Amino acid sequence: MRDRERREGQSPRDAIVQASLLRFRPIMMTTLAALFGALPLALESGTGSELRFPLGVTIIGGLLLSQLLTLYTTPVIYLALERLRLRLTRDTPRPAPQAAE
């Protein structure tokens, strides 16, 4: 995000949107692979499943919560901190970089 802001002169909001579009698929693929790996622990009903069930549920719940934090709250916190930084430094938005001749 910071690279796009600096190099391409994008606003923080535009940089977040571009980074989210770029990272959404890999994040989802990784989470779904781990989630499908934990499903047998949560769905099994054989011998010893009473010990593995809480582990499976915990893994699945943790993955879903981390998805929520990664995809939704991180960009919101980033924007809030950027606004705070601008307010504290009384900085104007950065101008677009000039093309080299």
Determine if segment 38-49 includes at least one residue that is in contact with a Lys or Arg (Cβ under 9 Å, 6 or more places away or on another chain), open to solvent by 70 Å² or more (accessible area, probe 1.4 Å) and either at pLDDT below 90 or at negative phi (or both). yes
So for segment 50-58 (the condition being among the hydrophobic types (A, V, I, L, M, F, W, C) and surrounded by 15 or more Cβ atoms within 10 Å (Cβ to Cβ)), does at least one residue qualify? yes
Reported set for segment 21-37 where residues are open to solvent by 50 Å² or more (accessible area, probe 1.4 Å) and in contact (Cβ under 8 Å) with a residue 40 or more places away in the chain is F24
Against the condition part of a helix (DSSP H, G or I) and small (G, A, S), how does S45 come out, does it pass? no
Please work out if L35 is out of contact with any helix residue (DSSP H, G or I) (no Cβ under 7 Å at 6 or more places or on another chain) and hydrophobic (A, V, I, L, M, F, W, C). no
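The values are calculated or read from the model by the stated rules, or taken from the named source; none is laboratory data. Here the structure is a predicted model, which is why all the values come from computation and not from measurement. Cβ: placed from backbone, ideal geometry, glycine included. Neighbour counts: every protein chain shown. Heavy atoms of the whole protein, side chains included, go into the accessibility calculation; ligands, DNA and RNA do not. Shrake-Rupley method; radii C 1.70, N 1.55, O 1.52, S 1.80 Å.
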